Amino acid sequence: MNLYNFEAATAMLGKELVRARQHRRMTRSALAMHAAISRVTLANLEAGRGSLSSLIAALKVLGHRFADQMPEVELGRSIARARKRAGLSQERLCALARVSKPALVRVERGEGNVATLVAAMDELGLSRSLVAVAIESAPPPLPDPTGQVLLGDCREHMRGFAQQGLMFDAIVTDPPYHLSSISRRFGRKKAAPLTGGEPGSANPYRTLASRFMRQTWDGGDIAFDVDTWRAVHAVLKPGGHLVAFGGTRTFHRLAVAIEDAGFEIRDQIMWLFGSGFPKSHNLKGEHKGQGTALKPAYEPILIARKPIRESSVAANVLRFRTGSINIDACRVPTDELIEMGRAGRKRGSSVALEGVGLPATLGGTVTHAKGRWPANVIHDGIDESWSRYFYSAKASKSDRGSGNNHPTVKPNDLMRYLVRLVTPPGGTVFDPFMGSGSTGVAAIQEGFSFAGSEQQAEYVEIARGRIAKVMPKHGSVLSELQPEETPAIRNAS
Ligand SMILES: C[S@@+](CC[C@H](N)C(=O)[O-])C[C@H]1O[C@@H](n2cnc3c(N)ncnc32)[C@H](O)[C@@H]1O
């Protein structure tokens, strides 16, 4: 086969894989997650490149096999049988297909790479078409994602869920940062007393309902109140993750409230950006050159987990599907070759590669086939050399969608990354402080179900419109929580 035909043949195999995925109505993210491969690996497979083990994992999830592959016979063994039926030795097939013997041996073991597989199949005259296997041996299809937007106070909604025994797989939320409260707390003109707010309250922020960016919802102290997070704790499955954005100046209060509610603080992601504007009071005259604030360049994102209930994370995942995070689904793509010989391993540099699984050795150098391990830093492209971390710029016009006037919309790729990181396949994400629904849009796009609360009617309507736009064909956005419509919510007690 000449080079041109060969490339066309591998590309056609990639297209077959896309067709099979579309046949099963799965997003790329959902397939990658179920097959325990990274999205980069899947994208490569869909371009006709990659390892046979990844291809086999994807086909297993899709419930597809090659048209000439014997039912119930694993792909590598099926190739070996076809070769023997054609009366060819391994050496002869290698010569005809122009592949090396070790490469063919690996393929016949279900390892090796897709390129060798295609070369061998073409030489043996085997069809590259994929067919769906009998439905009874296919994995159960994922439930269609559902979207539910609820108007009102999230604490009321959570009380209702808890009474019904409803539990979510993940909570991803962007609560008020209460920045206005802090300015007033320490402001010159209207300083609050150093301790105590309302009579009987230990929290000096309790009565400080004021305005941030002219938003009354930023006042009060709901995100600093332990009871808010106790309510969240009550509606999250054991081992479920909570992801909460915070402001740099008030993050500590949020984190303490979440911890006091019974969560384990697992990490803090820094979302770095270069576009912040310093809100500094600059002095004049003889004090010129002095100011009061740094340029904002990051937002902290808290990652917490409800303690697991089983004796190990693995056992918890088995029972509730929650407890772990989806590393492979969130790897950061890289084309770089990483020097990592034995010495590198000894120095401990293999830690971040753990679980990478493949690697293709090139004289002491290995490639990361699945991308880099997701880090606790995300950035907006400050510098090229930051490409090792996940990239997310601030929300663009298209992220917001037309008519969205919410002042604190989060970017779509960031929200997709976060929900993908913490939600098990087919799970349901809840956002108590939904705003204009950025978490919901991301959850549905990633193949999860979503429920969200928002106290302001105008934002609920914006959220409903944005989520409806990304719902799969037959999905709809409901405004009452319907447990029977939300298969992933289960009573986990
Ligand atoms: C920081 S904004 C979230 C914005 C969202 N990330 C987006 O992209 O549109 C916080 C939202 O929480 C809402 N909120 C505040 N207190 C609430 C409560 N008790 N129940 C429900 N929503 C509340 C506010 O109205 C506001 O829209």
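Quick rundown of the values:
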read-out: Breaking point among (1) part of a helix (DSSP H, G or I); (2) touching a Ser or Thr at 6+ places or on another chain (Cβ under 7 Å); (3) more than 21 Å from residue 443 (Cα to Cα), for residue 293; value: (1)
read-out: Close pairs (7 angstrom Cβ cut-off, 6 or more residues apart or separate chains): under 18 Å from residue 454 (Cβ atoms) and basic (Lys, Arg) in segment 153-176, within 15 Å of the ligand (Cβ to nearest atom) and part of a helix (DSSP H, G or I) anywhere; value: 155/228; 155/231; 159/231
read-out: Residues of segment 28-39 satisfying the condition of being farther than 13 Å from residue 327 by Cβ and buried (at least 19 other Cβ atoms within 10 Å of the Cβ); value: 29, 30, 31, 34, 35
read-out: Members of segment 394-423 that are crowded, with 20+ Cβ neighbours inside 10 Å, of a type in the set (Val, Ile, Thr) and within 12 Å of the ligand (Cβ to nearest atom); value: 409
read-out: Counted residues, segment 435-474 - those being outside any helix (DSSP H, G or I) and within 14 Å of the ligand (Cβ to nearest atom); value: 10
read-out: Segment 153-171, residues that are in contact with a helix residue (DSSP H, G or I) (Cβ under 6 Å, 6 or more places away or on another chain) and either within 13 Å of the ligand (Cβ to nearest atom) or in a strand (DSSP E or B) (or both); value: 155, 158, 170, 171
read-out: Residues being within 16 Å of the ligand (Cβ to nearest atom) and either among the basic types (Lys, Arg) or touching an Asp or Glu at 6+ places or on another chain (Cβ under 8 Å) (or both) - total across segment 226-250; value: 9
read-out: Matching residues, segment 68-87, being surrounded by 12 or more Cβ atoms within 10 Å (Cβ to Cβ) and in a loop (DSSP other than H, G, I, E, B); value: 68, 69, 70, 73, 74, 86
read-out: Some residue of segment 38-48 being over 20 Å from the mean Cα position of the chain (by Cα), modelled with pLDDT of 90 or more and not in a helix (DSSP H, G or I); value: yes
read-out: Odd one out for residue 301 among (1) surrounded by fewer than 21 Cβ atoms within 10 Å (Cβ to Cβ); (2) assigned by TED's automatic domain parsing to the domain that holds residue 314; (3) within 16 Å of the ligand (Cβ to nearest atom); value: (1)
read-out: Selection from segment 76-99 of residues that are in contact with a helix residue (DSSP H, G or I) (Cβ under 8 Å, 6 or more places away or on another chain), among the aliphatic types (A, V, I, L, M) and farther than 23 Å from residue 54 by Cα; value: 86, 88, 93, 96
read-out: Sole exception among (1) more than 23 Å from residue 177 (Cα to Cα); (2) within 9 Å of the ligand (Cβ to nearest atom) for residue 426, by number; value: (2)
read-out: Subset of segment 371-396 [in contact with a Pro (Cβ under 9 Å, 6 or more places away or on another chain) and modelled with pLDDT under 75]; value: none
read-out: Residue in segment 251-270 that is in a strand (DSSP E or B), within 16 Å of the ligand (Cβ to nearest atom), in the same structural domain as residue 451 (by TED's automatic domain parsing) and surrounded by 14 or more Cβ atoms within 10 Å (Cβ to Cβ) present; value: yes
read-out: Among (1) under 27 Å from residue 95 (Cα atoms); (2) assigned to a loop (DSSP other than H, G, I, E, B) - the single one residue 26 does not satisfy; value: (1)
read-out: Members of segment 383-417 found to be of a type in the set (A, V, I, L, M) and assigned to a loop (DSSP other than H, G, I, E, B), listed by number; value: 393, 395, 409
read-out: Residue 383 being outside the structural domain of residue 462 (by TED's automatic domain parsing) and surrounded by fewer than 20 Cβ atoms within 10 Å (Cβ to Cβ); value: yes
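The values are calculated or read from the model by the stated rules, or taken from the named source; none is laboratory data. Since the model is a prediction, treat every value here as computed from it, not as a measurement. Positions of Cβ are generated from backbone atoms using ideal geometry, with glycine treated the same way; all protein chains shown enter the neighbour counts.
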